[in-house]
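Student: Below you'll find the structure I mean.
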Amino acid sequence: MSEIQPFKLHGRAAVRGGELVLSHVLEGAEFCASGGDFSFLCRGESGKLKIFYGDEALEVVIRGEQAVRLTIPNGPHAVRILKASSPRFGTLSVELGSLRADLLPPPPPAAHKIVFLGDSIAAGCGAAGTCAEREQTVENSDATRAFPYLTAKALGADFSVLAHEGMAVRDSMPCGYALLEPLPPDPKADFAVVAFGENDMWHATSPEFPSYNLLKFERDYADMVCLVHAKYPNAALVCVYGMMPASATDAADAVIRDAVKKSGVAASVCRMLPDERGGNLHPCAEAHEETARRLISHLCASCENSP
């Protein structure tokens, strides 16, 4: 991709050596075209791309090197290319070559931007599968079917997602705090959604992790809320949890609410419904849709109640 001007980048997608480099979920690029043939070369050890244009959605599972070709119908269309697989499956690179479509100016920035920070749930682990599939795979996971993308898409918002399997606020490797801390502030974000709690509560209540407890989780969560507020100073901060059993308890609800209060940050909380009907006993696509509906309602109510 020698010329980046016709493209709008999503998330923290980077352009290096003429290639679009995608590390985290929902990183990608978008362009507008009036019709024609479009082709590109994908590289990666394993992963999944989703390509959206008009009412079409093309899924591409990548293992090694793969050429992708599609024909864009006549008439103006926005074409969106997104990484649907999580960082655990590796980085994908996209070489946008032999582009034979009439390019139009790229889509403008949306009126609103939402950033999401979370674990495997936010990354779409198992969202495309069923509970009969006990292991996470590239095929049964899809970030474009998870609640962050569904929420941003429904609201017509730009988005950025930092999510990884097994990630807790601090008691994991990698941890959310360490990944967020080096990132530059983003004053353009309108909402920041903190979706941690599942791995934290598991660690805090399981004998498998004797050095972690609820008091440490409360402290870590309060620190995370403060850091998110510092990184996104103009964003309304929302804490969501409860999408799986460990964070769907009254104990989790109390710890997170107390942590938010002790942080001193004006953040709201939104408790969701647990579900394990997807792959790897994670929320299924229908559960993500319900979570997105609840989050959208919460965000809209926040806007109505803001001064």
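Student: Kindly list the number of the only condition in (1) basic (K, R); (2) more than 17 Å from F116 (Cβ to Cβ); (3) under 18 Å from the mean Cα position of the chain (by Cα) that fails for R277.
Tutor: Failing condition for R277: (3).
Student: To continue, here is another question. Counting only residues that are under 18 Å from G279 (Cα atoms) and small (G, A, S), how many does the stretch 146-172 have?
Tutor: Of the residues in that region, 3 qualify.
Student: Also, quick follow-up: Would you mind listing the strands (runs of 3 or more DSSP E) fully within the stretch 146-253 where at least 2 residues are over 17 Å from the mean Cα position of the chain (by Cα), over 21 Å from S297 (Cα atoms) and at pLDDT below 95?
Tutor: none
Student: Among the numbered criteria (1) farther than 18 Å from V161 by Cβ; (2) at pLDDT 95 or above, which single criterion is violated by V68?
Tutor: Exception for V68: condition (2).
Student: If a residue must be of a type in the set (V, I, T), touching a Lys or Arg at 6+ places or on another chain (Cβ under 8 Å) and surrounded by fewer than 24 Cβ atoms within 10 Å (Cβ to Cβ), how many such residues does the stretch 105-162 contain?
Tutor: Qualifying residue count for the region: 2.
Listed here are the residues, each with its yes/no results for (1) polar (S, T, N, Q); (2) surrounded by 13 or more Cβ atoms within 10 Å (Cβ to Cβ).
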{"residue": "E19", "(1), (2)": "no, yes"}
{"residue": "L26", "(1), (2)": "no, yes"}
{"residue": "A29", "(1), (2)": "no, yes"}
{"residue": "S34", "(1), (2)": "yes, yes"}
{"residue": "E56", "(1), (2)": "no, no"}
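Student: Taking L237 and the conditions (1) closer than 22 Å to G166 by Cβ; (2) touching a strand residue (DSSP E or B) at 6+ places or on another chain (Cβ under 7 Å); (3) of a type outside the set (D, E, K, R), which numbered condition does it fall short on, given that it satisfies the others?
Tutor: (1)
Student: Here is a further query. Which members of the stretch 36-54 meet the condition of being more than 24 Å from Q136 (Cβ to Cβ), surrounded by fewer than 21 Cβ atoms within 10 Å (Cβ to Cβ) and either modelled with pLDDT of 95 or more or hydrophobic (A, V, I, L, M, F, W, C) (or both)?
Tutor: Correct list: L41 only.
Student: Considering K231, K188, which residue is surrounded by fewer than 24 Cβ atoms within 10 Å (Cβ to Cβ) and within 20 Å of S268 (Cβ to Cβ)?
Tutor: K231
Student: Another one. Does E95 satisfy being under 21 Å from L150 (Cβ atoms) and of a type outside the set (S, T, Y)?
Tutor: Considered against the rule, which asks whether it is under 21 Å from L150 (Cβ atoms) and of a type outside the set (S, T, Y), E95 comes out as no.
Residues checked against (1) more than 24 Å from E135 (Cα to Cα); (2) among the polar types (S, T, N, Q); (3) touching a strand residue (DSSP E or B) at 6+ places or on another chain (Cβ under 8 Å); (4) surrounded by fewer than 23 Cβ atoms within 10 Å (Cβ to Cβ):
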position: M244; (1), (2), (3), (4): no, no, no, no
position: A252; (1), (2), (3), (4): yes, no, yes, no
position: A266; (1), (2), (3), (4): yes, no, yes, yes
position: V269; (1), (2), (3), (4): yes, no, yes, yes
position: P274; (1), (2), (3), (4): no, no, no, yes
position: R277; (1), (2), (3), (4): no, no, no, yes
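Student: While we're here: Please go through the stretch 158-180 and pick out each residue that is more than 23 Å from A204 (Cα to Cα) and in contact with a Leu (Cβ under 9 Å, 6 or more places away or on another chain).
Tutor: Within the stretch 158-180, F159, S160, V161 meet the criteria.
Student: OK, next. Cβ-Cβ under 7 Å, sequence separation 6+ or interchain: first residue in the stretch 168-184 and more than 15 Å from A222 (Cα to Cα), partner in a loop (DSSP other than H, G, I, E, B) and among the aliphatic types (A, V, I, L, M). Which pairs?
Tutor: P174/M167
Student: List every residue pair whose Cβ atoms lie under 6 Å apart, where the two residues are 6 or more positions apart in sequence or sit on different chains, the first residue falls within the stretch 106-119 and is more than 23 Å from A195 (Cβ to Cβ), and the second residue, located anywhere, is aliphatic (A, V, I, L, M) and surrounded by fewer than 24 Cβ atoms within 10 Å (Cβ to Cβ).
Tutor: P107/A78
Student: Sticking with this structure for a sec: Where in the stretch 1-97 are the strands (runs of 3 or more DSSP E), entirely inside, with at least 3 residues that are within 15 Å of the chain's Cα centre (by Cα)?
Tutor: 28-53, 77-83
The values are calculated or read from the model by the stated rules, or taken from the named source; none is laboratory data. Source: prediction; values computed, not measured. Because the Cβ atoms are built from the backbone with ideal geometry, glycine has one as well, and the counts that use them run over all protein chains shown.
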